[in-house]
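The values are calculated or read from the model by the stated rules, or taken from the named source; none is laboratory data. Predicted model only: the values in this text are computed from it and were never measured. Note that we place each Cβ from the backbone using ideal geometry, even for glycine, and neighbour counts take in every protein chain shown. SASA here: full protein model, heavy atoms, side chains in, ligands and nucleic acids out. Shrake-Rupley method; radii C 1.70, N 1.55, O 1.52, S 1.80 Å.
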Amino acid sequence: MLKLFSTFFKIGAFTFGGGYAMVPLIQDELVKKQKLVSEEEFLDYLSIAQSYPGVLAANISILLGYRINGIKGVLVCLLGATMPSFCIVIALAYLYFANSSSKILDGFFRGVNPVVIALILYSFIKMLEKLPKTKRNIIFLVVSFVAVAFLNISPIYLILLGGVYSLCLK
């Protein structure tokens, strides 16, 4: 349980940007370093976690915690994943409102932005490499991108549509 807590605490403490910016660190930690799940299991967890509302790391921690140790595992993993962010947000909020014109904080956030974009791009490329290159998957990828990027359709609708479509195929 301590190993699970420390693993998700580390993930929560060192991932900025949320969502897909977290995926490379989570994947590296859970698949390669801790060997808690296989590559295929991680992709399954990622697919399920992104279809739930909430923070991706928290959703993955819930799924993995439950698989390993039931409800106790859920609580330990979720606490580990969310505690660092909670503490950091409280501290930054205090600092920000105490020093709202701080050039140090402004510089920090300007430095983090390009890194987050790079992590999201890296995550996209890694996931694209693992996507089976079927005609249906490529069409769905392109249609989804166009729908979100140019037609301003909410990704929620596309996730639901993808899930329903997949269920209908089965």
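Summary of computed values
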item	result
Sole residue being at pLDDT 85 or above, open to solvent by 80 Å² or more (accessible area, probe 1.4 Å) and assigned to a helix (DSSP H, G or I), chosen from 117, 159	117
Matching entry among 30, 43 (being touching a residue at least 12 places away in the same chain (Cβ under 8 Å) and more than 27 Å from residue 89 (Cβ to Cβ))	43
Inter-residue pairs, beta-carbon under 7 Å, first closer than 19 Å to residue 44 by Cα and in segment 132-154, second assigned to a helix (DSSP H, G or I), 6+ apart	140/162
Test for residue 5: is it surrounded by 16 or more Cβ atoms within 10 Å (Cβ to Cβ), out of contact with any strand residue (DSSP E or B) (no Cβ under 6 Å at 6 or more places or on another chain), in contact (Cβ under 8 Å) with a residue 24 or more places away in the chain and not aliphatic (A, V, I, L, M)	yes
Any hit, segment 28-38, residues being in a helix (DSSP H, G or I), open to solvent by less than 50 Å² (accessible area, probe 1.4 Å), touching a Ser or Thr at 6+ places or on another chain (Cβ under 9 Å) and closer than 15 Å to residue 121 by Cβ	no
The listed residue being open to solvent by less than 80 Å² (accessible area, probe 1.4 Å), among the β-branched types (Val, Ile, Thr) and modelled with pLDDT of 90 or more, out of 112, 148	148
Test: residue 139 is open to solvent by 100 Å² or more (accessible area, probe 1.4 Å) and of a type in the set (Val, Ile, Thr)	no
Residue 132 being outside any helix (DSSP H, G or I), at pLDDT below 85 and not charged (D, E, K, R)	no
Residues (open to solvent by 90 Å² or more (accessible area, probe 1.4 Å) and either touching a residue at least 24 places away in the same chain (Cβ under 8 Å) or touching a helix residue (DSSP H, G or I) at 6+ places or on another chain (Cβ under 6 Å) (or both)) located in segment 120-131	122, 124
Any hit, segment 80-103, residues being open to solvent by less than 60 Å² (accessible area, probe 1.4 Å), out of contact with any His (no Cβ under 7 Å at 6 or more places or on another chain), farther than 30 Å from residue 166 by Cα and not in a helix (DSSP H, G or I)	yes
Test result for residue 153, farther than 23 Å from residue 31 by Cβ, more than 20 Å from the chain's Cα centre (by Cα), among the hydrophobic types (A, V, I, L, M, F, W, C) and not in a helix (DSSP H, G or I)	yes
Qualifying positions in segment 47-69 - free of Cβ contacts under 8 Å to residues at least 24 places away in the same chain, open to solvent by less than 80 Å² (accessible area, probe 1.4 Å) and under 20 Å from residue 31 (Cα atoms)	47, 48, 49, 59, 62, 63
Meets criteria (closer than 13 Å to residue 59 by Cβ, modelled with pLDDT under 85 and open to solvent by 10 Å² or more (accessible area, probe 1.4 Å)) for residue 12	no
